[in-house]
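Take a look at the structure below.
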Amino acid sequence: MANLRAIFKHPEDLYPMVKLKLAARQAEKQIPAEPHWAFCYSMLHKVSRSFALVIQQLDTDLRDAVCIFYLVLRALDTVEDDTSIEAEVKVPILKAFHRHIYNSEWHFSCGTKDYKVLMDEFHHVSVAFLELGKGYQEAIENITMRMGEGMAKFICKEVETVDDYDEYCHYVAGLVGLGLSKLFHASGKEDLASDSISNSMGLFLQKTNIIRDYLEDINEIPKSRMFWPREIWSKYANKLEDLKYEENSVKSVHCLNDMVTNALTHVEDCLKYMLALRDPAIFRFCAIPQIMAIGTLALCYNNIHVFRGVVKMRRGLTAKVIDRTKTMSDVYGAFYDFSLMLKSKVDDADPNARKTKDNLEKILKLCRDSGALGQRNSYIIQSKPRYNATLIAAIFIIIAILLAFLSTTRPTYNMCWEEIQQIFEARMCHVVCSYVV
């Protein structure tokens, strides 16, 4: 029902959502036949649907390497995240994880739901890893070793200062940026990006997640996970968990805005990294999550709901980002729009207002100076939609019926699924544009 209401409010989201749904179904049908690869790609779809979709665009050898890289690090992260594991058990596993990936019989039971399945059957990931090229294996092993050591360090250490915060984010996400840069280079498709800007790509995403996930982390059972640095939150509360209480709302929002302002410092490096990419598939793979991050920060900024529940981009806007992001001009346009949205929410009474505006103005200037803003569809500024609610409801029902029909009758057709999808997308584009644009 919530999705239906969102479509009525944002009818322009309808076509991208249908297109994304079809692309997701097609991606699920591309799972390899070999048992170990079938497990890896099936698990990828379960633990990260959005990542699984963008990864499918990469060429086969790089796609396999990135898939395994992601699952290895997701498994490592599952060990770190499981607060029921005692430190004396957890730390040695984290430090030795880079060796376990070479052992096709190793597994360790932890985590919940799909993450538990990943850990229980990790031998499939190891078998697939051993089939990768030597360059890919070395890059994955190196990053896994460094990440495991860093995670182990912060099992026994609190995030006190902003430097600690940057160091922790480097270990759990900046190294992912470095690893991906190594994989892209090993594929022969990209030059090797500098460690500095590769690190920023990871830090921007990780800091966005840490900001958005405050309530989930602080309410973690049996033990809270606390990643916001004391150097920031102690200016607004005696304890980090105090920020979730209603009586502290004003201070909580000021703290939140301080955290967002810190995250914005990485945007310049991220834009520089993406500008240097040559391969279109690699570009989309990198750009889509970065746009999602700046969009999420725009929603979180000055938003007390971060301390009450989940704040995230609506599905239709996510689908629109995935559909539209093809060139650097699209990236500049998205960062410009979301930065404008964030800037419009800055209250001059906020203790960090001046610093926030300065950071945003740097981003806006970079986007303006790119010369790419003239021809773009805005994510934020839209004319009032001219549509009939009854027509939108009818289109929505027709789409549901057609999707069900295609799913159940596809095997009886002589034409391939790709042809059916192309025909359906063309028809939907015509119908949606006729009634909602």
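Take GLU158 and tell me if it is touching a residue at least 12 places away in the same chain (Cβ under 8 Å), within 24 Å of ILE85 (Cβ to Cβ) and surrounded by fewer than 23 Cβ atoms within 10 Å (Cβ to Cβ). Answer is yes for this residue.
Rundown of residues vs (1) in a helix (DSSP H, G or I); (2) open to solvent by 50 Å² or more (accessible area, probe 1.4 Å); (3) closer than 15 Å to ILE143 by Cα, yes/no style:
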{"position": "TYR168", "(1), (2), (3)": "yes, no, yes"}
{"position": "GLY174", "(1), (2), (3)": "yes, no, yes"}
{"position": "LEU178", "(1), (2), (3)": "yes, no, yes"}
{"position": "HIS185", "(1), (2), (3)": "yes, yes, yes"}
{"position": "ILE197", "(1), (2), (3)": "yes, no, no"}
{"position": "PHE204", "(1), (2), (3)": "yes, no, no"}
{"position": "ILE211", "(1), (2), (3)": "yes, no, no"}
{"position": "LYS223", "(1), (2), (3)": "no, yes, no"}
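Looking at the range 246-303 only, could you name the residues that are basic (Lys, Arg) and within 21 Å of ASP166 (Cα to Cα)? Answer for the range 246-303, where residues must be basic (Lys, Arg) and within 21 Å of ASP166 (Cα to Cα): just LYS272. Within the set ILE85, ILE68, the sole residue that is among the β-branched types (Val, Ile, Thr), open to solvent by less than 30 Å² (accessible area, probe 1.4 Å) and under 30 Å from LEU317 (Cα atoms) turns out to be ILE68. Of all the listed residues (LYS90, LYS134), the sole one being open to solvent by less than 50 Å² (accessible area, probe 1.4 Å), modelled with pLDDT of 95 or more and among the basic types (Lys, Arg) is LYS90. In this structure, THR78 qualifies as modelled with pLDDT of 95 or more, among the hydroxyl-bearing types (Ser, Thr, Tyr), more than 19 Å from ALA38 (Cα to Cα) and open to solvent by less than 40 Å² (accessible area, probe 1.4 Å).
For the range 225-250, enumerate the residues that are in a loop (DSSP other than H, G, I, E, B), touching a Ser or Thr at 6+ places or on another chain (Cβ under 9 Å) and surrounded by 14 or more Cβ atoms within 10 Å (Cβ to Cβ).
If we filter the range 225-250 for residues that are in a loop (DSSP other than H, G, I, E, B), which is where we start, we get 225-229, 234-239, 245.
The next check asks that each one be touching a Ser or Thr at 6+ places or on another chain (Cβ under 9 Å); those that pass are 225, 229, 236-237, 245.
Result: ARG225, PRO229, TYR236, ALA237.
Take the conditions (1) at pLDDT 95 or above; (2) touching a helix residue (DSSP H, G or I) at 6+ places or on another chain (Cβ under 8 Å); (3) outside any helix (DSSP H, G or I); (4) at negative phi; ARG278 misses just one of them, which is (2).
Total residues in the range 307-345 satisfying the condition of being open to solvent by 20 Å² or more (accessible area, probe 1.4 Å) and assigned to a loop (DSSP other than H, G, I, E, B): the figure is 8. Within the range 267-284, can you find the residues that are within 17 Å of the chain's Cα centre (by Cα) and among the hydrophobic types (A, V, I, L, M, F, W, C)? Listed by number, the residues that qualify are VAL267, CYS270, LEU271, MET274, ALA281, ILE282, PHE283.
The values are calculated or read from the model by the stated rules, or taken from the named source; none is laboratory data. Remember, predicted model here, so these are calculated numbers, not experimental data. Glycine gets a Cβ as well: all are built from the backbone with ideal geometry, and neighbour counts include every protein chain shown. What goes into the accessible areas is simple: the full protein's heavy atoms, side chains included, and nothing from ligands, DNA or RNA. Shrake-Rupley method; radii C 1.70, N 1.55, O 1.52, S 1.80 Å.
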